[in-house]
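Everything below concerns the one structure shown next.
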Amino acid sequence: MAKNTNTEKQREEVEFIEKLVSVRRVTKVVKGGKNLRFTALVVIGDGKGRVGFGSGKAREVPDAVRKASEQARRSMIRVPLREGRTIHHDLTGHFGAGRVYLRAAPAGTGIIAGGPMRAVFESVGIQDVVSKSVGTSNYYNVVRATFDALVNVSSPRDVATKLGRKIPEIVARRDASMARR
């Protein structure tokens, strides 16, 4: 029985896409000198709509990355994807002084985004998106603002349930508004 659960864990680890967003050296000055530590910011996703991020701090880089990965696995969210490649609608997210704007894009556009946002999109499985980060360039705040936006993605099924309408009505209205652009 123990072997079975172990192989399931290994399978689960293989399917995750792990992106290291930043590693920084942090120094704390104390009475006896300086304490040197490393912080790591990691984004993990399965490429099919699940993504999470975490940060870790340790005396060695590998330990910091491991701690960040464990935290990212615990904080995963699900993002509904349109046709498995883009978001359903335009979004805005903010955290602190950082703002991000995300727009759904037609097939073949690719990921038009900066470093930390690109890591999030690649991990979640978004292939076509146009985005802009405004305000801060701090990696942590940009990643948190991107997650703030992605948490608010609603699929046509969610909207239809909320409004008490049928899914084709919602999709037709969305496609008509996209055609006007």
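Conditions tested, residue by residue: (1) outside the structural domain of residue 121 (by TED's automatic domain parsing); (2) surrounded by 12 or more Cβ atoms within 10 Å (Cβ to Cβ); (3) under 30 Å from residue 80 (Cα atoms).
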{"position": "16", "(1), (2), (3)": "yes, yes, yes"}
{"position": "24", "(1), (2), (3)": "yes, yes, no"}
{"position": "31", "(1), (2), (3)": "yes, no, no"}
{"position": "37", "(1), (2), (3)": "yes, yes, no"}
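Residue count for region 117-127 satisfying the condition of being free of Cβ contacts under 8 Å to residues at least 60 places away in the same chain and crowded, with 20+ Cβ neighbours inside 10 Å: 3. Scan region 107-158 for residues that are modelled with pLDDT of 90 or more and of a type in the set (D, E, K, R) and jot them down. Once the filter is applied, which keeps residues that are modelled with pLDDT of 90 or more and of a type in the set (D, E, K, R), region 107-158 yields 118, 122, 128, 132, 144, 148.
The values are calculated or read from the model by the stated rules, or taken from the named source; none is laboratory data. Quick caveat: nothing in here was measured; it's all calculated off a predicted structure. Quick reminder, even Gly has a Cβ in these numbers, built from the backbone with ideal geometry, and neighbours come from all protein chains shown.
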